[in-house]
Structure formats: structure tokens, C-alpha cells
Amino acid sequence: MSDLEDDETPQLSAHALAALQEFYAEQKQQIDLGEDDKYNIGIIEENWQLSQFWYSQETALRLAQEATAAVGEGGRIACVSAPSVYQKLRELCRENFTVYIFEYDKRFAMYGEEFIFYDYNNPLDLPERIAAHSFDIVIADPPYLSEECLRKTSETIKYLTRGKILLCTGAIMEEQAAELLGVKMCTFVPKHTRNLANEFRCYVNYDSGLDCGI
């Protein structure tokens, strides 16, 4: 090959090369993950630009146990913008429950058909296979503490649920949550892996174990 041909060979920029290497690293990580590892909370790192803050192991476990108790064996559970609860549910229960994760972050597409791309700005833009009122409980954690985000996420919640709602959001959203979804604040206080500036609380519209001591 001549020197002229060498000069004409396309070259990746340093930025593009770094992005490609990151992509291959993520692909390798997904391949290397075993069935027992891929549901670990934190296996996908938080993206603060997407307002992602994962629950602590203890909180994720408590919420997962609450959901399974609320629906009973064979129940259907929707996790809306609550990936760490989905992960804990799948870690605990592989076969006895149907669980879907509704999430904007496409990294969670690693969970296959249980991943549903979800943008709260288009609250009812869901696949045809997701029928109205097809979940026994919806666990939702709107990504932003704003009336608009809660209102739009509430449209999704009301479309999906057959009745039961478990909402996790800031204490400052209590009045709006009650107005939009008819939920009440629980005594249980959820914790995250990182300390957040805003107090977080859980809200439900049914008799819940989250009002009992741990």
C-alpha cells in the first residue's frame, strides 16, 4: 500500500475512539455478568444527569417485599422509574411474579423483554402489549421533584394499575400526591445509597406493611 493510500485511510478521533471503547466495555460487562450478578443494585451506575439515585439494599428489599405481599404469588408488578426495586424483585423472585421495568435509561434494556422504554413526558406512549390496568401494583419513583413530573407520571400509574399504588417521592410532594393519586404517606422512610438533600417518603392507597415497624 502506498503512503498516499495510508494517508487516505479514515481515522477515528480521540473522542470517537474513547466512546467506541466504552461501548465495547459495556458489552463485555453484560456478557460477563452471570444470572446471579446482573440484578445486583449498582451493577449499572447512577447517572446524575438523569436524576438517578439508587435505594439502599435495605430499602430496596423492604419495597420488594411490600410489593410481593401486596400482589400475592403470580401477581404482576410494574416498576416505573424505580430500577433498584425491579432488580431486588428479580433477585428475590425469578419465577413466581411477572415484573416489568419502565425506564428511560436504555442501559436497562439488558433485562430483555421485561424492559419497557419509558419517557414521563409521553406518559401513555407504551407498547401495545402493555394493556391498561394490567398490573396488580405499580411502584413509581418520578425522577424529578416537580408538579409536572408527578402529574405526568401519575397518568402512567393510573393507566397501568388495577388499583394498588406505591409511590416514592419527596415529602414536599405529599399534597400533590394525595390530590393526583389518592395516596397517603407511610411511616416507613426510604433510604438511598447516597444522602439526598430532600426528604424522601413512601405513599400508598391501600393498607400497607410500610406503616409497621421494621
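Given labels modelled 7 Å from the Cα in the Cβ direction, how far is it in nm from ARG162 to ASN198?
About 3.2 nm, to one decimal.
Using the basic label-point model (7 angstrom from Cα toward the beta carbon), what is the GLU174 to SER134 distance in nanometres?
Result for the modelled spin labels: 3.7 nm.
Out of residues 5 or more away from CYS186 or on other chains, whose amide H comes under 5 Å of its own, with H placed 1.01 Å from N in the peptide plane?
Long-range HN contacts for CYS186: CYS202, TYR203, VAL204.
Restricting to Cα atoms and excluding each atom paired with itself, what does the Kirkwood estimate give for region 82-163 in Å?
Numbers: mean 1/r = 0.0755 Å⁻¹.
Roughly 13.2 Å, rounded to one decimal.
For region 168-182, in order, what is each residue's ³J(HN,Hα) by Karplus, 6.51 cos²θ - 1.76 cosθ + 1.60 with θ = phi - 60°, in whole Hz (x at glycine and Pro)?
With coefficients 6.51, -1.76 and 1.60, one gets 10, 7, x, 4, 5, 9, 4, 5, 5, 5, 5, 5, 7, 10, x Hz.
Quick check on my link table: of LYS88/LYS191; LYS106/LYS152; LYS38/LYS164, which ones sit more than 18 Å apart, alpha carbon to alpha carbon?
On the way: LYS88/LYS191 15 Å; LYS106/LYS152 20 Å; LYS38/LYS164 28 Å.
The answer is LYS106/LYS152; LYS38/LYS164.
Which residues does a label at THR98 reach in region 61-76, if reach means a backbone N under 18 Å from a point 7 Å past the Cα toward the Cβ?
Residues passing the 18 Å test: 67-76.
Using a 1.4 angstrom probe on the protein heavy atoms only, could you order ARG107, ARG129, ARG201 from most to least accessible area? Working shown, then result.
Numbers: ARG107 70, ARG129 130, ARG201 35 Å².
If we order ARG107, ARG129, ARG201 from most to least accessible, we get ARG129, ARG107, ARG201.
Which value results when the Cα radius of gyration for region 48-211 is divided by 2.2 N^0.38 Å?
Working: Rg = 14.2 Å, N = 164, 2.2 N^0.38 = 15.3 Å.
Relative to the 2.2 N^0.38 Å estimate, region 48-211 comes out at 0.93.
So, with a 1.4 angstrom probe, what is the percent of accessible area on region 48-211 that is carbon and sulfur?
Details: 3420 of 7410 Å².
The computed percentage sits at 46.
Please work out the average accessible area per residue across region 48-211, using the 1.4 Å probe convention, and give it in Å². Before the final figure, lay out each step's value.
On the way: 7410 Å² over 164 residues.
Averaged over the residues of region 48-211, the accessible area is 45 Å².
Roughly what % of DSSP beta bridges within region 48-211 run antiparallel, to the nearest 5? Write out the running numbers ahead of the final one.
Working: 8 of 25 bridges.
If we restrict to bridges inside region 48-211, about 30 percent are antiparallel.
Using each residue's phi in region 139-145, evaluate 6.51 cos²θ - 1.76 cosθ + 1.60 at θ = phi - 60° and report the 3J(HN,Hα) Karplus result to the nearest Hz, with x for Gly and Pro.
With coefficients 6.51, -1.76 and 1.60, one gets 9, 10, 9, x, x, 10, 8 Hz.
Could I have the simple spin-label model distance between ALA109 and LEU124, label points 7 Å from Cα toward Cβ, reported in nm to one decimal?
In this crude spin-label approximation the distance works out to 2.6 nm.
The values are calculated or read from the model by the stated rules, or taken from the named source; none is laboratory data. Quick caveat, the model's predicted, so the values are computed rather than measured. Counting neighbours? That spans all protein chains shown, and the Cβs are built from the backbone with ideal geometry, glycine included. Side chains included, ligands, DNA and RNA excluded: accessible areas come from the protein's heavy atoms. Shrake-Rupley method; radii C 1.70, N 1.55, O 1.52, S 1.80 Å.
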